[in-house]
Amino acid sequence: MSIVVVGTVAFDTVETPFGRGENVLGGSATYFSTSASFFTDVSLVAVVGEDFPEEHVTFLQGRNVDTTGLQRIPGKTFHWSGRYGYDLNEAQTLDTQLNVLMDFQPELPESYRDAEYLFLANIDPDLQMKVLDQVRKPKLVACDTMNFWISSKPAALKKVLQRVDIVVINEGEARQFTGEANLVKAARQIMALGCKRLVVKRGEYGVLMFTPETVFAAPAYPLEEVFDPTGAGDTFAGGFMGYLANTGDLSEAGLRQAIIFGSVMASFNVEDFSLNRMKRLEFKEIKARFSSFKALTSFRDVAV
Ligand code: AMP
């Protein structure tokens with residue numbers, strides 16, 4: 001089954017202790033689509049400006065991403081600048097230029113409206129809502145967000161969170177949104193808004209998936225070299241949703257597998273700048289790392 005995703009397609013200027021990339025390809029929907037495209041068909045809803053090079057669109061199409069819903073309008077493409085210190089867990093945003101995002105009116109092509117899987121990637125919550133309203137009867141809707149929208153549009157964001165099945169959010173942002181320091185309590189508060197599941201991304205500490213009754217913990221893959229964490233959250237979400245759409249298995253076991261595929265995709269993405277690692281990634285590497293994850297988390301039960 002295919003996934004519709006709305007999010008940003010961006011130019012990023014990123015500094016990490018290992019280098020700097022200026023105006024490189026980025027954006028929540030770009031990372032998500034590329035990652036999910038290893039598992040399923042993806043239909044993109046996004047906006048770029050006149051300055052956006054056609055080669056980036058060709059790259060997405062080369063990964064079989066349907067770009068019918070990618071609008072090009074007068075103005076400049078969304079631009080994000082960020083920096084990471086040696087603690088690569090949290091980006092420091094230096095500048096956010098919304099540019100064409102301010103005039104974006106998402107209009108879903110008819111072929112997108114019957115999508116069964118919808119991912120509302122990090123973007124203005126008003127835009128997330130407009131897309132959600134245009135998809136007729138999705139089987140699964142998940143969403144992401146970030147501190148920028150939590151601070152600037154908390155009420156609109158709350159309305160989105162009330163309408164989705166799964167919320168995927170960073171640890172720091174879960175705390176910021178709820179004002180609750182304890183992560184388990186913060187998770188309960190977010191779930192009280194109505195979602196069935198909450199996935200909390202914790203950078204190099206992995207991921208927690210909460211339901212009202214259960215918690216599942218997955219580590220991050222222990223890598224010797226992490227160059228650029230930008231897009232880790234979105235590639236995670238792409239692997240997670242991509243695998244779910246591929247199998248259609250929404251059982252607890254299926255969701256746990258999907259969490260590991262998401263973690264596998266994020267672990268590759270951080271190995272190089274921008275989408276460079278995704279561009280040379282092969283499916284056999286994904287399968288091999290999934291097996292390494294299994295070994296990483298497997299241990300013997302106590303004898304009774
Ligand atoms: P992450 O997966 O959280 O590292 O997301 C990184 C991507 O988010 C970057 O490529 C940015 O272009 C994009 N981004 C940064 N700020 C925003 C924002 N306020 N809204 C939407 N996307 C953003």
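No value in this document is a laboratory result; all are computed from the given coordinates. This is a predicted model, so every value here is computed, not measured. Glycine also receives a Cβ, built like all others from the backbone with ideal geometry; neighbour counts cover every protein chain displayed.
Mind checking the dipole of region 1-120: about its Cα centre, +1 per Lys or Arg Cβ, -1 per Asp or Glu Cβ, Debye to the nearest 20?
My answer is approximately 120 debye.
SER43's amide H: which non-local residues (gap 5+, or another chain) put their own amide H closer than 5 Å, with H modeled 1.01 Å from N in plane and none for Pro or chain starts?
Close amide H contacts, sequence-distant or interchain: ILE3, VAL4, VAL5, ASP66.
Show me, for region 225-237, the HN-Hα J-couplings you get by feeding each phi into the Karplus relation (A = 6.51, B = -1.76, C = 1.60, θ = phi - 60°), rounded to Hz, glycine and proline as x.
Running phi through 6.51 cos²θ - 1.76 cosθ + 1.60 with θ = phi - 60° gives 10, 10, 9, 8, x, 4, x, 4, x, 6, 5, 4, 4 Hz.
Report, in whole Å, the centroid distance computed from the Cα atoms of region 50-92 and region 110-188.
20
List every residue whose amide H lies under 5 Å from the amide H of VAL226, counting only residues 5 or more places away in sequence or on a different chain, with H placed 1.01 Å from N in the peptide plane.
Residues meeting the amide H criterion: none.
Just from its helices, what would the mean residue ellipticity at 222 nm be for the chain, if runs of 4 or more DSSP H residues each count -39500 (n - 2.57) and the sum is divided by every residue, rounded to the nearest 500 deg cm²/dmol?
The helix-only estimate for the chain comes to -10500 deg cm²/dmol at 222 nm.
For a footprinting-style exposure proxy, rank CYS143, CYS195 by other Cβ within 10 Å, fewest first.
Fewest-to-most ranking of CYS143, CYS195: CYS195, CYS143.
Is the shape of region 3-296 best called rounded, prolate or oblate, per the rule: a/c under 1.5 gives rounded, else a/b larger than b/c gives prolate, else oblate, with a ≥ b ≥ c the square roots of the Cα gyration tensor eigenvalues?
Judged from the Cα gyration tensor, region 3-296 comes out rounded (a/c under 1.5).
Antiparallel as a % of all DSSP beta bridges within region 3-296, to the nearest 5?
40
Mean 1/r over all different Cα pairs, inverted: what Kirkwood radius does region 21-75 give, in Å?
11.6
Based on Cβ point charges of +1 for Lys and Arg and -1 for Asp and Glu, what charge dipole magnitude is obtained for the chain about its Cα centre, in debye rounded to the nearest 20?
Dipole about the Cα centre, nearest 20: 920 debye.
Please get the size of the charge dipole for region 93-195, origin at its Cα centre, with Cβ charges of +1 on Lys and Arg and -1 on Asp and Glu, quoted in debye to the nearest 20.
Here region 93-195 has a charge dipole of around 480 debye.
For THR30, THR96, which order do you get if you count the other beta carbons within 10 Å of each Cβ and list the fewest first?
The most exposed by this proxy come first: THR96, THR30.
With θ set to phi - 60° and the Karplus curve 6.51 cos²θ - 1.76 cosθ + 1.60, what are the ³J(HN,Hα) couplings of region 179-185 in order, to the nearest whole Hz, using x for Gly and Pro?
Rounded to whole hertz, the list is x, 10, 6, 6, 5, 5, 5.
How do LYS153, LYS284 line up, fewest other C-beta atoms within 10 Å first?
Result, fewest neighbours first: LYS284, LYS153.
So what J values fall out for region 282-297 if you push phi through Karplus, 6.51 cos²θ - 1.76 cosθ + 1.60 with θ = phi - 60°, rounded to Hz, Gly and Pro as x?
Values, residue by residue: 10, 4, 5, 5, 4, 5, 5, 6, 4, 5, 5, 4, 4, 5, 4, 10 Hz.
7 Å from Cα along Cα→Cβ at both SER291 and ASN64: what's the point-to-point distance in nm?
2.3
Given the pairs LYS130/LYS158; LYS139/LYS185; LYS130/LYS279; LYS130/LYS196; LYS158/LYS196, which are separated by over 19 angstrom at their Cα positions?
With Cα atoms farther than 19 Å apart: LYS139/LYS185; LYS130/LYS279; LYS130/LYS196.
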